[in-house]
Every structure is written in structure tokens, then in C-alpha cells.
Amino acid sequence: MDQINIETSHEFGLSDNERQSFFDRISGRIFKQNRDLDVAAGMSSLKTTEALLLLQNYEETRQGWFWSTDKTGNITYITQTLAEVLNKSQAELLGTPFVELFAQPDNSVPNQRTLPFMLAKQCRFNDLKLKAVVGDEDRWWSISGKPQTDKSGEFVGYRGNGKDITAQQRSEEESSRLAMFDSLTGLANRTSASKTLVSTLTAFKQQKRTCGILLVDLDRFKQVNDTMGHLAGDELLKQVAKRLLKAVGKRGEVCRIGGDEFQIMLPDMEDRGELGKLSNNIVLSLSEPYTVDGTRCIIGASIGIAISPFDGMTSEDLLHSADLALYAAKGRGRGRFHFFSEDLQQSAKDRKILEDDLRDALSNDQLSLAYQPIVNAKNDVVRGVEALMRWNHPERGPISPAFFIPIAEEANLIKTMGTWALNRACQDAVKWPSKFIVAVNVSPIQFADEKLPEIVTKALKKSGLPAERLELEITESVFLEGSEKTEKMFADLKNIGVRLALDDFGTGYSSLSYLQTAPFDKIKIDQSFVRGATLPGSRNGAIISAIVALAEALDMETTAEGIEAMDELDWIRGLNVSHVQGFIYSKAVDAEELVRLVEKGEWIVTPNGPAKFRHDRISMYRKVRAIHENHCYSLMIRNISETGALLEGLWDVPVGTEFVIDFGEGQLAVAVVRRSDKRQQGIEFEQRLVSDGNGGLCTSRRVSPYLIAEAGMQIPNIPADFYPKPSYPAAVNEIPSFYTSKNKA
């Protein structure tokens with residue numbers, strides 16, 4: 001080496017001194033180079049050791065883990081801490097497919113990144129979110145991986161890392177849940193309900209399926225919330241949610257859409273008989289007493305019902321229809337359900353007009369009282385009468401109390417009207433025999449007025465009527481105001497000397513505890529227990545017997561309302577009910593007629609009515625269409641019941657003739673003529689009609705708009721472009737030969 005260097009230095013013509021300097025410099029560089037190499041080697045070794053320690057610490061502290069596979073996807077390395085989480089050892093996991101550590105992917109989700117797909121494509125991936133099932137617990141991991149190749153570029157497997165993101169995933173799920181679910185009750189919220197309804201109706205339109213919607217509004221919840229506090233109100237809402245879930249079961253989805261409002265979506269439910277039963281069960285369930293913080297409280301519920309596609313094709317239209325139905329249910333006295341119908345649009349407008357007219361009814365002398373006899377069931381002697389308010393509208397004529405009383409309550413007119421009725425009844429009763437009792441209804445709003453005892457006292461003093469001849473009929477809903485306030489009101493009224501009757505016992509809020517504390521003189525058994533009680537299978541007799549026995553034990557009288565048939569009267573007498581009220585004795589009469597009837601000092605009424613109970617027939621003047629074979633006729637219904645109707649408009653129709661009665665809005669009922677008398681025909685329906693929740697009747701099912709469209713006809717509330725064909729065939733107005741020329745319909 002030295003020889004070479006010397007010779008080389010001679011070639012460059014270097015002097016001895018210069019050669020020495022050259023060798024010094026070269027030697028220094030060589031020494032420095034060797035020293036740097038040694039340092040670098042040491043540093044490399046140090047870095048490798050430090051990196052391994054850091055990675056080991058990363059694994060042991062469970063901040064993350066590492067994995068590797070061979071080219072077939074089987075595990076060649078897995079962090080020990082991960083194996084422990086999976087309740088296995090490293091040895092058990094080595095050689096097993098890596099994909100088996102995770103739950104199977106949901107193949108129904110399009111364009112989803114899955115681990116099997118990534119491994120099969122041999123592509124790199126980062127932060128792939130995967131779920132693993134560890135025992136009974138779901139865990140979430142974020143996985144990253146990079147394909148590995150040998151020197152020849154051939155794929156040999158994967159190396160990668162992962163970390164546990166379960167806490168983060170649960171936090172995201174909770175945030176999502178809070179965004180879509182009500183934090184108080186755990187039910188889906190308005191946002192979730194809206195999205196579900198939109199998607200459901202969109203799918204159902206394509207599939208030609210139906211969907212029912214119930215809007216449930218709690219009655220008198222605000223009173224509980226205001227008197228007991230918001231915490232108590234929250235607890236009450238939780239209990240309401242549980243009762244709704246129990247009542248609905250798996251038939252639909254219950255949502256809380258705000259405050260004290262709930263929405264129930266019922267896919268594939270269009271039978272209004274079933275929907276009515278469900279709604280009635282919900283009303284009864286929600287009306288049962290609650291216990292909140294050791295305090296007993298009672299609320300109620302009103303329900304509006306709409307069904308797609310009959311009452312709306314879109315979520316907006318369907319909810320609007322259900323909302324109108326709910327408004328109608330609340331307007332009819334609350335504690336009931338109501339189906340949507342086309343006339344509700346106009347009814348809402350009419351209601352506002354009637355509210356304005358009702359404000360002027362008292363001053364314009366349009367209100368009056370009629371009196372229905374309360375008869376001793378044993379001897380048919382009239383014991384007293386119940387005062388019933390009547391409104392004779394100057395343009396519309398008589399308006400049902402079932403319609404205008406709820407309007408009066410909402411418009412805050414009921415106190416004024418109630419005070420007027422109380423004074424008028426006392427003034428009229430003074431003219432009757434001294435043993436006659438007059439019963440006057442007191443609304444819950446009146447009962448809650450602390451001035452009621454003063455109002456009663458003034459009415460008695462002004463008229464001169466003895467207090468024991470005045471009976472105040474009070475419904476069970478008055479107990480909502482709290483025991484202390486209620487007990488004080490009862491005590492104040494009894495101190496005046498008036499009689500107290502518990503009205504409509506057995507509906508909604510019944511509790512025997514009322515009878516233990518409230519000083520009632522009479523229990524009035526609601527007519528719902530009388531209706532159909534004589535039919536086979538009815539259990540109402542046992543219920544009424546229990547009520548009568550209880551009343552007798554507490555030295556109270558009993559009155560059964562709504563008796564109309566002789567078999568009902570005989571049945572009631574057999575149960576020892578003391579008094580009877582109903583059309584079998586008399587309808588309500590005006591004050592002048594009553595004076596004439598009692599002028600002899602005693603009024604004895606001979607019962608008169610049908611031999612047996614039959615379903616209520618509702619008097620009406622309603623146009624319908626009757627379809628026979630290929631012919632359609634416009635007829636008038638005079639009265640209707642669940643099982644049949646009286647038609648007018650055709651002449652001498654043979655008994656046995658079959659019709660399809662078109663009530664409109666897709667309501668078709670098959671019927672057969674059972675009796676025929678010139679222009680009137682009594683028909684019997686093939687299937688019973690059901691309650692519409694408003695005192696009326698409707699068909700259980702309706703003909704789907706999809707079928708009507710296919711037949712070339714139309715019904716309201718369905719967009720015109722929904723129908724591919726127009727209207728009825730020309731033969732619809734033809735008259736078959738068995739109708740004579742006397743038919744002018």
C-alpha cells in the first residue's frame with residue numbers, strides 16, 4: 001500500500017515534505033471514515049433496539065397491535081395482547097385466517113370496503129373499520145395493512161397494524177342515537193319518524209301497500225306538569241311510552257314527536273275495525289291511573305287516524321289528514337279516536353264559525369234546556385229529570401250538544417253556559433212537584449272553579465229551590481285536580497245540602513277509591529255497559545251487578561243510562577238497578593211540556609220500545625250510490641246501523657236484490673234487500689260497519705286507490721296523474737227492467 005502510494009506521489013512530482021503532508025491527510029481521512037462507520041454502526045444498533053422497545057411498549061400498553069399474514073391470508077404474527085382480548089393464545093391464532101377475527105360484512109350495503117375484498121385485491125388499505133364479537137360484546141377496530149413482496153416482486157403476504165376504536169364508535173353511535181331518538185323515553189324522535197315514514201310510503205307506493213298513522217295527544221298532561229313539576233311530567237311521559245309500546249307491540253313503531261304528542265306508524269294496517277280497537281285500547285290504557293313520586297295522577301288521550309294511500313300519498317298529506325282527525329277527536333270531547341274523512345277540512349272551518357256564533361247564543365236566547373225523565377225501575381214513576389242543554393242555531397237549526405259543548409270548553413265559554421244552565425234549571429224546577437229532583441251536569445272546568453259553591457248557593461237562593469232537590473252530576477275526570485282540592489270542593493258542596501252523582505261511571509278513570517272518599521248519593525252507569533249487554537257472550541251483567549252491590553253497600557242509588565229496548569229494561573230490573581234513563585220511557589221534553597206532564601203531582605211513564613236490543617240506528621239524510629250489476633243509482637239513506645240501513649229512491653225493489661253501496665272515499669259495502677215498501681228498502685250489510693270514533697259508522701276496509709285506478713274511477717285526495725283511465729262506463733245510468741216507471745231517482 002505504501003509503495004503504491006509513494007510511486008503514485010512521484011508521478012504527481014511531490015517533494016518529501018509534500019509527500020508527508022499528503023500521507024497525513026490521507027491517514028486522517030481514513031481514520032475519520034472508519035470512526036464514522038463505527039459510530040454509524042453503533043447508532044444503527046441503538047436505533048434498532050430503541051425502536052423495538054417502543055413497539056413493544058406500544059403493544060403492551062394496548063395502544064395498538066400488529067399483525068402479518070402469509071400469501072394465503074393466514075396469520076403469521078399477532079400481538080399477544082390482542083390474542084388475550086380474544087381469549088386465545090398467539091399459538092392458537094397462528095395459521096388461522098385473519099378475516100375470521102372479524103364479523104361477517106353486510107353484503108347488502110353497496111360499494112362497501114370489506115377486508116376480504118382488500119386482501120383478495122392485494123391492495124393497501126388504511127383505517128378500515130371492522131367489528132369483532134368478543135363474547136357477548138361488540139368491539140370495533142381500525143385496521144391498516146400493506147402487501148409485501150419478495151425480491152422477485154412476488155406477493156408473500158401482509159403486514160399491518162390495528163387499534164381499538166370501540167369507545168369512539170360507541171360515542172358516535174350514541175351521538176347518532178341522540179340525533180334520532182328521544183333522550184327521555186328512548187323512542188324514535190320527530191326526525192327519525194319523518195325519515196321512516198317517507199321511506200316507508202315511498203316503498204309502499206311501489207308495492208301498492210297500505211300504512212296507518214295514529215297521532216296521539218295526551219289530554220290534561222299540562223295540568224299534571226304544571227301542578228307537580230317538570231320532573232314529574234318527565235316521569236309520566238316515560239310511563240306513557242311504556243304503555244304505548246305494550247299496546248302496539250310488534251305491529252308498528254311508536255315515536256315521540258314532541259311535548260305530549262306521539263306518532264304510531266302501522267305498516268299494512270288498513271282495517272278500520274282493527275285500528276279502532278287498537279286506538280280504543282290505547283285510550284283506555286293511557287287513561288288508567290299513574291303513580292309518580294308516590295302521587296296518583298290521571299290523564300287521558302285523543303287519537304287521530306289516517307291511512308295511506310286513502311288519506312294521503314305523501315308523508316305531508318298523510319300527517320295533515322291525521323292531524324285534522326286528531327283535532328276532530330279533541331273537539332268531540334277528547335278521550336276518543338277519530339278517522340280522517342274529507343269533510344273534516346270543512347268541519348274545521350265550520351267549527352270556528354260556530355265558536356263565534358256560540359258566543360252570541362246566550363244573549364240571543366238561542367240556548368234552552370230540555371229535561372229527560374229519571375224513572376224508578378220498579379214502578380215506572382218519574383223520580384226526577386236531567387237537564388240537557390240545547391242550541392237552536394238560527395240558520396243551522398238544532399246542533400248536538402256532543403258538538404257544541406267541546407267547542408264551549410275550548411273557547412272558555414263553558415263556565416258562563418254552565419252558570420246559566422244551573423240558574424235556569426233551578427228556576428224551572430221550582431214549578432214542579434216538591435219531590436221532583438233536577439240533575440244538572442257540572443263540567444270539570446266548572447268543578448275546578450273555587451267559586452262553584454258560591455254560584456250554586458246563589459242559584460238556589462234566587463230561585464227558592466230547596467238544596468236537596470238539586471243534584472249535581474260530576475264526571476270522574478274532576479279527580480285529576482288533586483285530592484286535597486277535590487275533597488274540599490266535595491265538602492263545600494255537601495255543606496250546601498245538594499245531592500252529588502258520579503256520572504258515566506265505568507269509563508276512562510273509574511276507581512273504587514273515589515267512592516270511598518267522595519260523598520256521592522248516586523252512581524250513574526254509563527250506557528256503554530248497557531249497549532249489547534243482552535247479546536250472547538256479553539260480560540256486562542257481571543260488571544253492573546258488582547256496581548249495584550257496591551252502591552247498595554255504600555247506601556247509594558244507581559241509574560242506568562241509555563235503555564231503549566224491553567229486553568234491556570227487564571235485564572236492568574233483574575240486576576236491581578234502582579233507576580232508569582232512556583228513550584224506552586221518554587226523550588227529553590221542554591220545560592212547558594214537563595209542567596203539563598207533572599201537573600197531577602206524579603208522572604208515571606209506560607215503557608215503550610222494541611222487544612229486543614238492536615244496534616243503534618243513526619238518523620241521517622245522506623246521499624249514496626247503489627250499484628247493481630252494471631247500473632248505478634243515486635239514493636238517500638234515512639237511517640243506518642252496524643248491520644243495515646234504510647234506503648229511499650227506488651221503487652218496488654224485489655227482496656233479495658243485492659247492491660254494492662258506495663259511501664264515497666273508497667267505502668263500498670255489499671248489501672241485500674231484506675224488506676221493500678214502495679220507495680223504501682231495508683238492506684242488510686254482508687259485513688258489519690264499524691265505529692268511526694265520532695258516533696258514526698264506516699266500512700272496516702276501503703277499496704284501494706290502486707284498484708280504483710285500474711277500474712278507471714277516481715276518489716278524492718289522490719293526485720289526478722295517479723289514474724291511468726277516466727271514470728264510469730256509459731251504462732252506469734241505465735235502469736234494469738224490474739224497476740217501474742214510478743222510479744224518479
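A compact table of results
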read-out	value
Label-point separation, Thr295 to Glu174 (7 Å along Cα→Cβ), nm	3.2
Under the Karplus curve 6.51 cos²θ - 1.76 cosθ + 1.60, θ = phi - 60°, whole-Hz ³J(HN,Hα) for segment 602-610, x wherever Gly or Pro sits	8, 10, 10, 10, 8, x, 8, x, x
Which of Val670, Val438, Val589 is most accessible, then next, and so on - probe 1.4 Å	Val670, Val589, Val438
Shape of segment 310-387, Cα gyration tensor, a/c cut at 1.5	oblate
Hits among lysines - C-alpha to C-alpha of Lys146 under 27 Å, sequence gap 8 or more where chains match	Lys47, Lys71, Lys88, Lys121, Lys129, Lys131, Lys163
Percent of C-alpha pairs per 10 Å bin, segment 177-237, short to long	18, 33, 30, 14, 5
Cross-link pairs Lys352/Lys451; Lys415/Lys494; Lys623/Lys678; Lys250/Lys330 - those with Cα-Cα distance over 23 Å	Lys352/Lys451; Lys250/Lys330
FRET efficiency, Asp677 to Asn281 (Cβ-Cβ, R0 51 Å, nearest 0.05)	0.80
Whole-Hz couplings from phi, Karplus 6.51/-1.76/1.60, listed for segment 160-174; x for Gly and Pro	x, 9, x, 8, 7, 10, 4, 4, 5, 5, 5, 5, 5, 5, 5
Per-residue SASA entry for Lys587, accessible area with 1.4 Å probe, Å² rounded to 10	130
Loop-located GluC sites (Glu not before Pro) in segment 368-427, at most 14 other Cβ atoms within 10 Å (DSSP)	Glu395
Sum of side-chain charges, Asp317 neighbourhood, beta-carbon under 13 Å (Lys, Arg +1; Asp, Glu -1)	-3
Amide hydrogen neighbours beyond the local backbone of Asp692, cut-off 5 Å, H modeled	Leu697, Cys698
Estimated FRET transfer efficiency when R0 is 25 angstrom, pair Ser183-Arg243 (beta carbons, to 0.05)	0.85
Rounded accessible area of Ile399 (nearest 10 Å², 1.4 Å probe)	20
Residue order for Phe404, Phe583 - accessible surface, 1.4 angstrom probe, largest first	Phe583, Phe404
Protein-only accessible surface order, largest first, of Met636, Met118 at 1.4 Å	Met636, Met118
Column: log10 I(q)/I(0), Debye, Cα scatterers of segment 208-343, q = 0.12, 0.19 Å⁻¹	-0.44, -1.03
Amide hydrogen neighbours beyond the local backbone of Ile437, cut-off 5 Å, H modeled	Gly384, Val385
Kirkwood Rh in Å, taken over all unlike Cα pairs in segment 379-451	13.9
14 Å beta-carbon shell around Ser341, net charge (K/R +1, D/E -1)	-3
Size descriptor, Kirkwood hydrodynamic radius, that averages inverse alpha-carbon separations across segment 327-466, Å	16.7
Virtual paramagnetic centre 7 Å along Cα→Cβ of Thr76, amide N under 16 Å, in segment 128-152	145-152
Placed amide H near Ile257: partners under 5 Å, 5+ positions off or other chain	Phe262, Gln263
For segment 431-438, Karplus couplings with θ = phi - 60° (6.51, -1.76, 1.60), whole Hz, Gly/Pro x	7, 9, x, 5, 8, 6, 9, 10
Solvent-accessible surface (1.4 angstrom probe) belonging to Ser152, in square angstrom, nearest 10	90
Overall form of segment 540-585 per C-alpha gyration tensor (a/c, 1.5; a/b vs b/c)	prolate
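The values are calculated or read from the model by the stated rules, or taken from the named source; none is laboratory data. Note that the coordinates shown come from a computational prediction; the quantities given were computed from them, not determined experimentally. We place every Cβ from the backbone using ideal geometry, glycine too, and count neighbours over all the protein chains shown. These area figures cover heavy atoms from the full protein model, side chains too; ligands, DNA and RNA do not enter into them. Shrake-Rupley method; radii C 1.70, N 1.55, O 1.52, S 1.80 Å.
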